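Worksheet: the structure to be examined is printed underneath.
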Amino acid sequence: MTSEALPAPGSTERTRVRRLAEHAVNDRAALHHVLDAGLVAHVAVRDDNGQPYVIPVAFARRGDQVLFHGSTGSRLFRALADGQPTCLTVTLLDGLVLALSAFESSMNYRSAMVVGVAQRLTGDDELDALRCITEHLLPGRWDDCRQPTPKERAATITLALPLDECSVKIRSGGPDDDPDDLADPSLTHLWSGTIPMHETFGTPVRADHCLAETLVPSYVDGWQRS
């Protein structure tokens, strides 16, 4: 199914945004933007006793799939590979919003939620998925490092979750203060506004075993957070 044929974000009963629906975004391009900007997703799964867990995972988007991987030794990942329904979320925090009241104070964010059943990948498709995840996290690194061995791949469960059902919420801008607070003269002395937040990469730190004359790869200079 092509992107054009897929349901718009938030258009199914399971994904319709009900709370703060004004922040819902129904554009698949916005969904792709959030997923492409994120580095960590959280995946829900239940164990055999019905206990729910939420697992942080590295991930990447490949077309209309979210790719992520874990250990074959993990009972939770085996449950996902066996077809247990799941929910995956990605959240990007862009700033804090300071309103005149604690109740109206908030955050600026971009978030995506995907529900469905993941498929286990094998063969060349799995290898390409591992490449996609590596390149999403570490652009330029895949061709510059050792490839996964058969033993390493045997220890890995690589999953693809289709972007068939999803929702997107984005909040931006300043505080939405209560009109009564805006008219209250006792609150006029309070500062209100937004505190932007940005992720940045720090100065590379050489590993102890790395030769002193080995230069930091040039592709690292181009890494940026959005």
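The values are calculated or read from the model by the stated rules, or taken from the named source; none is laboratory data. Just so it is clear, the structure is predicted and the values come from calculations on it, not from any experiment. Every residue, glycine among them, receives a Cβ derived from its backbone with ideal geometry; neighbour counts consider all protein chains shown.
Checking the structure you have, find out if any residue of segment 59-75 is surrounded by 14 or more Cβ atoms within 10 Å (Cβ to Cβ), part of a loop (DSSP other than H, G, I, E, B), of a type outside the set (A, V, I, L, M) and within 16 Å of the chain's Cα centre (by Cα). Checked against the condition, which is being surrounded by 14 or more Cβ atoms within 10 Å (Cβ to Cβ), part of a loop (DSSP other than H, G, I, E, B), of a type outside the set (A, V, I, L, M) and within 16 Å of the chain's Cα centre (by Cα), segment 59-75 yields at least one hit.
Taking each residue of segment 79-104 that is under 13 Å from VAL43 (Cα atoms) and looking for partners that are among the aromatic types (Phe, Trp, Tyr) with beta-carbon atoms closer than 8 Å, six or more apart or interchain, yields LEU88/PHE59; LEU88/PHE68; VAL90/PHE59; THR91/TYR109. For PRO148, are the conditions met, namely being touching a residue at least 24 places away in the same chain (Cβ under 8 Å), part of a loop (DSSP other than H, G, I, E, B) and not hydroxyl-bearing (Ser, Thr, Tyr)? Judged against the criteria, PRO148 is not a match. Can you find a residue in segment 109-118 that is in a helix (DSSP H, G or I), under 21 Å from the mean Cα position of the chain (by Cα) and charged (D, E, K, R)? Within segment 109-118, none of the residues are in a helix (DSSP H, G or I), under 21 Å from the mean Cα position of the chain (by Cα) and charged (D, E, K, R).
Counting the residues of segment 195-225 that are among the β-branched types (Val, Ile, Thr) and part of a helix (DSSP H, G or I) gives 1. Filtering segment 105-144 to residues that are among the small types (Gly, Ala, Ser) and touching a residue at least 24 places away in the same chain (Cβ under 8 Å) leaves SER105, SER106, SER111, ALA112, GLY116, ALA118, ALA129, GLY140. Of the numbered criteria (1) farther than 24 Å from ALA154 by Cα; (2) in contact with an Asp or Glu (Cβ under 9 Å, 6 or more places away or on another chain), the one VAL34 fails is (2).
Per the listing VAL97, VAL45, VAL90, the residue uniquely more than 19 Å from HIS136 (Cβ to Cβ), surrounded by 20 or more Cβ atoms within 10 Å (Cβ to Cβ) and touching a helix residue (DSSP H, G or I) at 6+ places or on another chain (Cβ under 8 Å) is VAL45. With the requirement that a residue be surrounded by fewer than 16 Cβ atoms within 10 Å (Cβ to Cβ) and at pLDDT 95 or above, what does segment 23-36 give you? Listed by number, the list holds a single entry, ASP36.
Every residue, every condition in (1) surrounded by fewer than 17 Cβ atoms within 10 Å (Cβ to Cβ); (2) within 17 Å of SER105 (Cα to Cα), yes or no:
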site: THR134; (1), (2): no, no
site: PRO139; (1), (2): yes, no
site: ILE157; (1), (2): no, no
site: ALA160; (1), (2): no, no
site: SER172; (1), (2): yes, yes
site: ASP181; (1), (2): no, yes
